[in-house]
1. May I ask which of Lys26/Lys67; Lys155/Lys259; Lys120/Lys321; Lys259/Lys294 have a Cα-Cα span longer than 32 Å here?
2. What net charge is computed for the residues neighbouring Ile125, neighbours being all others with C-beta under 11 Å from the C-beta of Ile125, Lys and Arg scored +1, Asp and Glu -1?
3. Tell me, Asp53, Asp128, Asp228 in order of fewest to most beta-carbon neighbours within 10 Å?
4. How many nm separate the modelled label positions at Lys76 and Lys272, each set 7 Å beyond the Cα in the direction of the Cβ?
5. For Phe59, what is the net charge nearby, where nearby means another residue's Cβ is under 10 Å from its Cβ and Lys, Arg count +1, Asp, Glu -1?
6. If contacts are Cα pairs under 8 angstrom and at least 6 residues apart, what is the relative contact order of the range 1-155 in percent?
7. Mind checking which aspartates and glutamates have their C-alpha under 13 Å from Lys330, skipping anything on the same chain fewer than 8 residues away?
8. Using Cα atoms only, what is the angle between the long axis of helix 220-233 and the major principal axis of the chain, expressed in degrees (0 to 90) to the nearest 10?
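Nothing in this text is a laboratory measurement; each read-out follows from the coordinates by a stated rule. Quantities reported herein were computed from a predicted structural model and do not represent experimental measurements. Cβ: placed from backbone, ideal geometry, glycine included. Neighbour counts: every protein chain shown.
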Amino acid sequence: MPDFKHILVTGGAGFIGSNFCRYMLKRYPSLELTVLDALTYAGNLENFRDLKDNNRFNFVHGDIRNKDKVEPLIQKADAVVNFAAETHVDRSLYFAGDFVETDVLGTFVLLESARKYGVKRFLHISTDEVYGSVDEGTFSESDLLNPSSPYSASKGGADLLVRSYYITYNLPILITRSSNNFGPFQFPEKLIPLFITNAIDDIPLPLYGDGLNVRDWLYVIDNCAAIDTVLRAGEPGEIYNVGGSNERTNIEITQIILKHLGKPESLIQPVKDRPGHDRRYSISSEKVKNLGWKVRESFGEALAQTVLWYVENEDWWRPLKDKEFQDFYKLHYEDRETKDE
Ligand code: NAD
Ligand code: DAU
């Protein structure tokens, strides 16, 4: 099991990356982290507000597509964990080029640099969406990729490219493919934080299609623990699914949120379905469980804590629902305005 002194966390100013930094600094008292992040609309220095004074934590503002920024940072690191990506499926319907640029080309720049300077481990964060939708049964790591959206296709491209650097160049890569995360510091465009923050303000909750699409929800801290496990104990060249074993329909999630907030179900607004909307994701996590990882948080408790976090941290999320956010939602939800026939 390799010992890491300094990890480069790309995309660490986003939701999962910032939770991962907090998790690792607490768990490993001498570990140093450097975050490289372009601070797109989804990146936010406020996600680190409690880490500002930690002298084992450094932040560098920059783009993973910029080789001149990336190379000196990789030279200093003995591992890379790559979270950097455009991540929102709905945005990929309008700005697919940004997804190809960052998710595929950005990952390529990181891989080339890691190959040039060498690292003990290169852990790439992929997603269960690369398998596509499955009505029945569950995907394992050897199943073929069948992505549906420009987001998941870009992630699929990056995932394949990363693996090729192990096969071709013996770069010690690892890949995790996790299911839907939820928890503190998630940008309020994704289902759970959008619906919590809309409900707090009595704004309608736009539920796509029949609301019966299924996602497997995973508390972000459990995912951070899985990433740490794979980084330390995973076999180079291998892929690990990380699921919450907690499949729920969107309507079920929506009802739980409304109940926690004491808000009426009349806030639910059925709208036109997302184009290419995957019906159900389902993955088996047996392989990562064999490394000693398991889900620790109860879903009910973690979702209740998450709702409470948004109630108590309005100063964090209110500024994010700004003009750019409203402009995107105007564009996107005008397309969703009418319900499917
Ligand atoms: P996020 O959108 O909250 O954060 C992405 C971060 O990447 C932001 O800080 C952003 O500024 C940064 N970034 C974007 N383009 C960049 C670039 N060109 N150079 C440098 N930084 C850039 O995303 P997240 O939800 O935290 O997801 C993190 C990773 O996990 C992504 O790779 C995503 O595909 C994957 N993933 C997410 C989930 C989920 O449910 N959120 C599930 C499975 C996999
Ligand atoms: O499965 C992992 C993936 O989960 C990650 O790779 C992605 O980065 C992450 O964004 C997420 O993708 P989803 O499309 O599953 O997440 P999202 O929160 O956008 O939507 C969850 C479900 O809720 C999906 O079935 C669509 C539905 N939905 C979403 C929004 C934003 C609605 O019904 N209404 C909405 O307004």
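1. Working: Lys26/Lys67 30 Å; Lys155/Lys259 35 Å; Lys120/Lys321 40 Å; Lys259/Lys294 28 Å.
Flagged as over cut-off: Lys155/Lys259; Lys120/Lys321.
2. Taking every Cβ under 11 Å from that of Ile125, the sum is 0.
3. Working: Asp53 6, Asp128 26, Asp228 18.
Result, fewest neighbours first: Asp53, Asp228, Asp128.
4. 4.9
5. Details: positive: Lys52; negative: Asp37.
That works out to 0.
6. Working: 257 pairs, mean separation 36.3, N = 155.
Relative contact order comes out at 23 percent.
7. Partners within reach: Asp90, Glu189, Asp322.
8. Between the helix axis and the principal axis of the chain, the angle is about 20 degrees.
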